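Okay, so here's the structure we're looking at.
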Amino acid sequence: MDILDSLDATFQHAHGVIAAVRPEQLADKTPCAEWTVRDLLAHMIGVVNGLGEAAAGRERTAFALAADPSAQFDAAAAAAMAAWRSPGVLDRVVDGGPGPMPGRVLAGINLLDTATHTWDLATATGQSPAWDDAAVAVGLAGTHHVLPADGRGERIPFAPVVPVPGDAPLIEQLVGWQGRDPAWRP
């Protein structure tokens with residue numbers, strides 16, 4: 001599966017998880033200790049929106065969570081996918097916030113950020129969705145490429161890797177590498 005098909009599958013999966021969040025869950029805790037479900041939704045949708053704008057060559061606009069996060073994510077994901085599928089965008093340098101980098105790398109960051117936070121959101125809201133292992137595998141390979149295990153907490157603002165067995169589901173391997181405990185529950 002290529003990066004864009006994986007990103008599209010990840011966006012579709014995220015949309016389903018976002019759509020299942022109930023309003024009374026918005027103040028609940030998440031695996032991201034500093035964020036509630038509402039904060040996590042704002043981050044997830046804001047990142048997809050902002051990276052889509054960057055891929056489209058537009059300046060990043062201010063973002064605020066809408067009353068219907070599911071519809072807002074759907075619109076942001078559709079716009080982002082259209083931008084990522086533009087001819088040449090994966091091969092040009094794109095500045096999406098963390099600094100200028102090849103579009104292909106930034107699309108990979110978009111994928112792993114969305115996959116990881118979709119797990120955060122699903123876990124926080126008691127959902128157990130099926131994961132697209134092919135898409136998660138692309139995200140896992142990307143996260144190993146852009147996020148080293150060493151230097152976390154010092155110069156890299158991520159928690160240390162949480163070891164998981166090599167035969168654990170790929171989504172657990174991904175979130176463990178991102179510094180989350182796959183056994184976390186609200």
_Residue among 12, 33, 134 farthest towards the positive dipole end of the chain, charges placed on Cβ_ = 33
*With charges set only on the Cβ (+1 for Lys and Arg, -1 for Asp and Glu), what does the dipole of the range 17-105 come to about its Cα centre, in debye to the nearest 20?*
220 debye
*asked:* Modelling each spin label as a point 7 Å along the Cα-to-Cβ direction, I'd like the residue 185/residue 56 distance in nm, to one decimal.
replied: 4.2 nm
*Hey, in the GNM for the chain with a 10 angstrom Cα cutoff, which one of 153, 108, 96 fluctuates hardest?*
153
*May I ask you to compute the full-extension gain from residue 64 to residue 95, defined as 0.36 nm times their residue separation minus their alpha-carbon distance, rounded to one decimal in nm?*
9.1 nm
*asked:* Cut-off is 10 Å between beta-carbons; in what order do 114, 125, 143, 61 appear when sorted fewest neighbours first?
replied: 61, 125, 143, 114
*Counting other C-beta atoms within 10 Å, which of 86, 128, 6 has the fewest, and how do the rest follow?*
128, 86, 6
*Tell me which label goes with the value of Rg and Dmax of the Cα atoms in Å computed from the coordinates here: (1) 16.9, 56; (2) 15.5, 46; (3) 15.5, 43.*
(3)
*Net charge near residue 32: determine it from the other residues with C-beta under 13 Å of the C-beta of residue 32, scoring Lys and Arg +1 and Asp and Glu -1.*
-3
*Taking the chain as a Gaussian network, where each spring joins two C-alpha atoms under 10 Å apart, which residue of 120, 74, 132 fluctuates the most?*
132
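Values in this text are rule-based calculations from the coordinates and carry no lab data. The structure displayed is predicted, hence computed values, not measured ones. Don't worry about glycine lacking a Cβ; one is built from the backbone with ideal geometry, like all the others, and counts go over all protein chains shown.
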